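The values are calculated or read from the model by the stated rules, or taken from the named source; none is laboratory data. Not measured: the values here are computed from a predicted model. Quick reminder, even Gly has a Cβ in these numbers, built from the backbone with ideal geometry, and neighbours come from all protein chains shown. Quick note on the areas: whole protein, heavy atoms, side chains included, nothing else; ligands and nucleic acids left out. Shrake-Rupley method; radii C 1.70, N 1.55, O 1.52, S 1.80 Å.
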Amino acid sequence: MITEHPYAPLNGPADFASRLAAAEDWTYAALEARQEGLWTPTETEGPVLADMVAATNPLHGGHLPPYTGESVYVRLGRIGNWAGVLRLAARAGGWELRPVVGTDPSSLTRPFGAADLLSGIYALAEQGEQWQRLMLATVTDLNASALNATARDRPSRRPLEEALEERAPGFARELAAAEAFFTGPGTLEDLPSYLGPVPPPPVDNLSA
């Protein structure tokens, strides 16, 4: 498991509701721009976006969120993976992710582009990395408590989800909301179909 996350939140100390609103607003703005013909993914943007979705395949077996029957490690991993993939996608396309929490997409004075979509999604994806930090710290503390307790006084191990909820009230509800944004019908899993067909890369490029 990754134990360190070197990237500081791009959007600063934004709360979850603000992050979710930004992710939804900028994603919907991208789809609207696409549908109205104001944005057609370029030869660079299209394949990068398709690869981004492929790299974040949630492998949920067709089950709908929230994935309350699964380990919190897996649930947070699905969301946290998006942040790293988005950073890679931005590098691949030569784009810069920027903070968008609290910014209305209608404020753009230039045509919409992939960088704007990625920045919107990143606002929520980086929340996943913050949750992963919290989870790792919580696990460390739970392990320390278990080791420090005597065999006689040692309590039964507290569920991780319960400990996370205590440290971050609303965690379970927010995690479910994040899952509903990233996975399931009508979510980012369907992004390629919303943006239109993306041609496969030339065979020569694959064999290079």
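The figures follow:
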{"quantity": "Residue list for region 91-109, filter: surrounded by 11 or more Cβ atoms within 10 Å (Cβ to Cβ) and assigned to a loop (DSSP other than H, G, I, E, B)", "calculated": "W95, L97, R98, P99, V100, V101, G102, T103, D104, L108"}
{"quantity": "Within region 155-194, tally of residues that are farther than 22 Å from L117 by Cα, touching a residue at least 40 places away in the same chain (Cβ under 8 Å) and surrounded by fewer than 13 Cβ atoms within 10 Å (Cβ to Cβ)", "calculated": "1"}
{"quantity": "Answer residue from region 33-74, given it is within 17 Å of A180 (Cβ to Cβ) and in a helix (DSSP H, G or I) and is least open to solvent (accessible area, probe 1.4 Å) among those", "calculated": "V72"}
{"quantity": "Checklist (1) part of a loop (DSSP other than H, G, I, E, B); (2) under 19 Å from the mean Cα position of the chain (by Cα); (3) among the hydrophobic types (A, V, I, L, M, F, W, C); (4) at pLDDT below 95 applied to L136, failing item", "calculated": "(1)"}
